[in-house]
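Trainee: Before I ask anything, let me first share the structure, which is written out below as structure tokens.
The values are calculated or read from the model by the stated rules, or taken from the named source; none is laboratory data. The shown structure was predicted, so the numbers you read here are calculated from the model rather than taken from an experiment. Because the Cβ atoms are built from the backbone with ideal geometry, glycine has one as well, and the counts that use them run over all protein chains shown. In case anyone asks, the SASA skips ligands and DNA or RNA and just uses the protein heavy atoms, side chains included. Shrake-Rupley method; radii C 1.70, N 1.55, O 1.52, S 1.80 Å.
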Amino acid sequence: KAEMRILQEQIKPHFLYNTLETISYMAVVEKANKVHDALETLGSFYRNFLSKGDREIPLKRELRITQDYLSLQKMRYGDIFEEKYVIDDNSLDCMVPKLILQPLVENCIYHGVRLKGEKCIIRITTSMEDDGLHIIVYDSGVGMSQEQINNLLESAYEDDARVLSGFGLRGTINRIRYYYDCDTVVRIRSEQGEYTEVEICIPKTRVKLVEEGV
């Protein structure tokens, strides 16, 4: 709860929204359509990101945050990756901790895609299985060795303020483990030079659906 309060305090939403609307209006006046589109995407990203302070949100909203983030990254880096989505409609109303996918795709870009030097694929897959909800974030970047995977998973257990409050890959793994009280909720598979795949496996007993009207 303390970590989520820190997250919410990082941005003052009303000031941010008002500023974005002002700049967006200026872009329309100046006929800077691409700038206007970028600001609209950024505004959508932060509206979903803040989510009225909610600790957990429907998976469909978490996916929208990720889609907006990837759109903004394409504006910055150009055509260095292609994004794909394989989404099980039955998974969209499942509640998940907020901001668990964006850090994973950010890791794809900075530690997988950009280092490979060729166009890569970032793919997000969701599915409802007999044992629960599965969410997979895949990239065809440089990959990791088994030693790197082991070090990453082990370091996420460290009782370190930088890990506990961080929003990188280690911090995200740690937050998901704590949230579901399950050490095996996150799995990583990779092959050097080929791909990395991070899978979140939420047990069926912990899957909660969005309340009606949310």
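Conditions (1) closer than 20 Å to GLY171 by Cα; (2) modelled with pLDDT of 60 or more, marked per residue:
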residue	(1), (2)
ILE6	yes, no
LYS12	no, no
PHE15	no, no
LEU20	no, yes
GLU30	no, yes
VAL35	no, yes
THR41	no, yes
ARG55	yes, yes
LEU59	yes, yes
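Trainee: Among the numbered conditions (1) part of a helix (DSSP H, G or I); (2) open to solvent by less than 40 Å² (accessible area, probe 1.4 Å); (3) not hydrophobic (A, V, I, L, M, F, W, C), tell me where GLU106 comes up short.
Mentor: (2)
Trainee: Does at least one position in segment 87-95 carry a residue that is open to solvent by less than 10 Å² (accessible area, probe 1.4 Å), touching a Pro at 6+ places or on another chain (Cβ under 8 Å) and either part of a helix (DSSP H, G or I) or touching a residue at least 12 places away in the same chain (Cβ under 8 Å) (or both)?
Mentor: Within segment 87-95, one or more residues are open to solvent by less than 10 Å² (accessible area, probe 1.4 Å), touching a Pro at 6+ places or on another chain (Cβ under 8 Å) and either part of a helix (DSSP H, G or I) or touching a residue at least 12 places away in the same chain (Cβ under 8 Å) (or both).
Trainee: While we're on this one: Taking the stated definitions as given, is GLY143 over 25 Å from PHE45 (Cβ atoms) and surrounded by 17 or more Cβ atoms within 10 Å (Cβ to Cβ)?
Mentor: So GLY143 fits the description; yes.
Trainee: Assigned to a helix (DSSP H, G or I) and open to solvent by less than 40 Å² (accessible area, probe 1.4 Å): which single residue out of ILE65, ILE100 fits that description?
Mentor: ILE65
Trainee: Same structure again: Has segment 149-169 got at least one residue that is open to solvent by 70 Å² or more (accessible area, probe 1.4 Å) and either hydrophobic (A, V, I, L, M, F, W, C) or modelled with pLDDT of 95 or more (or both)?
Mentor: Looking for residues that are open to solvent by 70 Å² or more (accessible area, probe 1.4 Å) and either hydrophobic (A, V, I, L, M, F, W, C) or modelled with pLDDT of 95 or more (or both), one finds at least one in segment 149-169, hence yes.
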